[in-house]
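Please find one structure pasted underneath; my questions will follow.
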Amino acid sequence: MAFTNWKELKKMDAHIHILPDAVHEANPNAEDVWRYADLKQYRSMMDELHIEKAIIMPLNDSWLMSMEFTVHAVHQNLRAMKNQYPDKFYAFADVDTRNTPAQSVDAIIQAIDSYGLDGIKIHPNNTGIALDDAYNNPIFTLAQQRHIPIAIHSYPNEEHDVSATERIVKVAERYPDLKLIVSHMGGFQWARLRSIGCYVDMSAILPDYVRTFGIAKTNEILRAFGVDRLLFATDYPDNRVLQPDGIYNAYFDMLNQMDFTAEEAERIAYGNTKDLLG
Ligand SMILES: [Zn+2]
């Protein structure tokens, strides 16, 4: 019972990865999916897929996002990507935990105020620092004070993983006014997130839910969060099972089988992310 054609719908992908050209040039023989994380190539797909805008997420790993392995170089690269195609991309600021918490806060302030970046990304599994570790407190304080959207990677492999949803709940209780996006919906620990007022992005996890639970139950999981908290997102070009060039069609096919009305689909595909970016 498809109410909406998700391919035709105007969309914002709230979670993609693009590597700077300098990183591609330094690794010309890379054969992995990251070859697809290319700005020009991505821009050339957007119109046909009706992706009006996308948020480029950093990885909390400066070696992947720059050839000069500093958080400042990563932020400069993200700014350059945004500027190359004006009004097409947003980008979230990175955190390099080799720096002190105060240095990380300063780098974020510079990224937002001087470079025009749009949010903050925390990836506990790439840094090895648990989400609720004291290291992150000044970052959460800043994000809450300034109403800066903050996206947290959460696709936990075990109960008490560094990105486990129990830690997200703790953070949300300590910082109740955070503009919080939980990327990958907390994986299979999603149920714990229903009690907090976070947004969830369906990147990477949607195909896993559908393989595990089927369409109807996945539709119920999405509905349990409420239409206003769901963000369309893919994690392109990264996926545990799908090839990069199959990701979007697989997402459209799954979402076409769900019961979202045209108006609800518009919120999920575009409106919620647009509103939260302000
Ligand atoms: Zn990602």
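None of the figures in this text is laboratory data; all of them are computed from the coordinates on show. This structure is a prediction, so every number in the text was calculated from the model and none was measured. Using ideal geometry, Cβ is built from the backbone for each residue, glycine included, and neighbour counts are taken over all protein chains shown.
Collect residues whose amide H, placed 1.01 Å from N in the peptide plane, falls under 5 Å from the amide H of Ala151; neighbours closer than 5 in sequence don't count.
Ile120, Lys121, Ile122, Ile181
If each of Thr70 and Gln103 carries a label point 7 Å out from its Cα toward its Cβ, how far apart are those two points in nm?
Those two pseudo-labels are separated by 1.0 nm.
Another question, then. Alpha carbon centre of the stretch 96-136 versus the stretch 47-74: separation in Å?
Rounded to whole Å, the Cα centres lie 14 Å apart.
Right, next: Mind checking which of Thr212, Thr70, Thr141 has the largest fluctuation in a GNM of the chain, springs on alpha carbons under 10 Å?
Thr212
Principal axis extents for the stretch 89-151, Cα atoms only, whole Å, descending order, please.
Result, largest extent first: 27, 22, 19 Å.
Sticking with this structure for a sec: By how many nm would the segment from Ala134 to Ala26 lengthen if fully extended, with 0.36 nm per residue of separation less the alpha-carbon distance?
Gain on extension, Ala134 to Ala26, equals 35.3 nm.
Would you mind giving the average projected area, over all directions, of the Cα convex hull of the stretch 1-157 in nm² with one decimal?
Over all viewing directions, the stretch 1-157 projects a mean Cα-hull area of 11.2 nm².
Note the full-extension length gain between Arg146 and Glu158 as 0.36 nm times their separation in residues minus their Cα-Cα distance, in nm to one decimal.
Fully extending the segment from Arg146 to Glu158 adds 1.1 nm.
For the stretch 55-198, with only Lys/Arg (+1) and Asp/Glu (-1) charged at the beta-carbon, what is the dipole magnitude about the Cα centre, in debye rounded to 20?
It comes to approximately 340 debye.
For the stretch 11-277, what are the per-bin percents of Cα-Cα distances with bins 10 Å wide, up to the bin holding the maximum?
7, 32, 39, 20, 2
Across 5 Å bins from the origin, how do the percents of Cα pairs in the stretch 119-278 run, short distances first?
Answer for the stretch 119-278: a P(r) of 2, 9, 19, 23, 21, 15, 8, 4, 0 percent.
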